[in-house]
1. Can you go through T47, T74 and tell me which one is polar (S, T, N, Q) and in a loop (DSSP other than H, G, I, E, B)?
2. Got a sec? Which of I127, I87 is of a type in the set (V, I, T), assigned to a helix (DSSP H, G or I), modelled with pLDDT of 85 or more and in the same structural domain as M71 (by TED's automatic domain parsing)?
3. Quick check, is I107 touching a helix residue (DSSP H, G or I) at 6+ places or on another chain (Cβ under 6 Å) and either modelled with pLDDT of 85 or more or not assigned by TED's automatic domain parsing to the domain that holds R164 (or both)?
4. Is there a residue in segment 13-34 that is surrounded by 18 or more Cβ atoms within 10 Å (Cβ to Cβ), among the hydroxyl-bearing types (S, T, Y) and in contact (Cβ under 8 Å) with a residue 40 or more places away in the chain?
5. Condition first: under 15 Å from T41 (Cα atoms) and out of contact with any Pro (no Cβ under 7 Å at 6 or more places or on another chain). Can you find one or more residues in segment 120-136 that meet it?
6. Scan segment 126-156 for residues that are touching a Lys or Arg at 6+ places or on another chain (Cβ under 9 Å), closer than 15 Å to M70 by Cα and among the charged types (D, E, K, R) and jot them down.
7. Only one of (1) under 25 Å from R137 (Cβ atoms); (2) touching a residue at least 60 places away in the same chain (Cβ under 8 Å) fails for L64. Which number is that?
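The values are calculated or read from the model by the stated rules, or taken from the named source; none is laboratory data. Here the structure is a predicted model, which means the values were calculated and not measured. Here the Cβ positions follow ideal geometry from the backbone for every residue, glycine too, while neighbour counts run over all protein chains shown.
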Amino acid sequence: MPLDITFTLSDRDLARFKTLAQAACAQTAQPQSQKAIEAATRKIVETAINADLPDFIAGRLMELKVLLDMMQDTEWGMTDADRNRIIGALAYFADPADLIPDHIPGIGFLDDAMFVEIVIRELAAEIQAYNEFCKFRSQSGIAQSSPEDRDRQLQGKRQELHARLAASRPTGDEFTFHIL
């Protein structure tokens, strides 16, 4: 029988996550850092798939996969600003000095799972737009179109979604942590 446990992160708790996230974001300027952040995030997703983690932690960590998929999807056509925003959000996962060291059995990924919740909320518009693009792309009519028609249809949908994202986003390109 499943058990629901709810807890609330206080403003002080969120401020601590924000401080840690900002410190991690400061390291994202170099391309090597960006690749390291992507690699660390992939490792966390692989851990969620392969390790015997509690379901509530593994489920949260798996939600990072959509952000990695988004960054790798050439048809999505992510701008550098969007890529930097997501890299900034993922930087926490590459920081070995996060709140709870990952190597602690049972709870090492608990802080990561909590931070995933924050990241998913912060990037909800981007995730929704990307999921909408993927759904549009998978429609049978698109897949069966000529390559030129398919590219034209995808470009139109991509432009529509990117414009909607740009209009909904706060000023600045970085991951800004608006929950506080």
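1. Working: T47 fails: in a loop (DSSP other than H, G, I, E, B).
When all the criteria are applied, what remains is T74.
2. On the way: I127 fails: in the same structural domain as M71 (by TED's automatic domain parsing).
Result: I87 is the single residue among I127, I87 that is of a type in the set (V, I, T), assigned to a helix (DSSP H, G or I), modelled with pLDDT of 85 or more and in the same structural domain as M71 (by TED's automatic domain parsing).
3. Values: touching a helix residue (DSSP H, G or I) at 6+ places or on another chain (Cβ under 6 Å): no; either modelled with pLDDT of 85 or more or not assigned by TED's automatic domain parsing to the domain that holds R164 (or both): yes.
So I107 does not fit the description; no.
4. First pass over segment 13-34, keeping only residues surrounded by 18 or more Cβ atoms within 10 Å (Cβ to Cβ): 17, 20-21, 24-25, 28, 34.
Filter once more, keeping what is among the hydroxyl-bearing types (S, T, Y): 28.
With the extra rule that they be in contact (Cβ under 8 Å) with a residue 40 or more places away in the chain, the set shrinks to 28.
Yes, segment 13-34 contains at least one residue that is surrounded by 18 or more Cβ atoms within 10 Å (Cβ to Cβ), among the hydroxyl-bearing types (S, T, Y) and in contact (Cβ under 8 Å) with a residue 40 or more places away in the chain.
5. Going through segment 120-136, the residues under 15 Å from T41 (Cα atoms) turn out to be 120.
Okay, now just the ones that are also out of contact with any Pro (no Cβ under 7 Å at 6 or more places or on another chain), so 120.
Checked segment 120-136: at least one residue is under 15 Å from T41 (Cα atoms) and out of contact with any Pro (no Cβ under 7 Å at 6 or more places or on another chain).
6. Selection gives E126, E132, R137.
7. (2)
Conditions (1) under 16 Å from I120 (Cβ atoms); (2) touching a Lys or Arg at 6+ places or on another chain (Cβ under 9 Å), marked per residue:
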site: T8; (1), (2): no, no
site: D11; (1), (2): no, no
site: A15; (1), (2): no, no
site: A23; (1), (2): no, no
site: Q34; (1), (2): no, yes
site: V45; (1), (2): yes, yes
site: P54; (1), (2): no, no
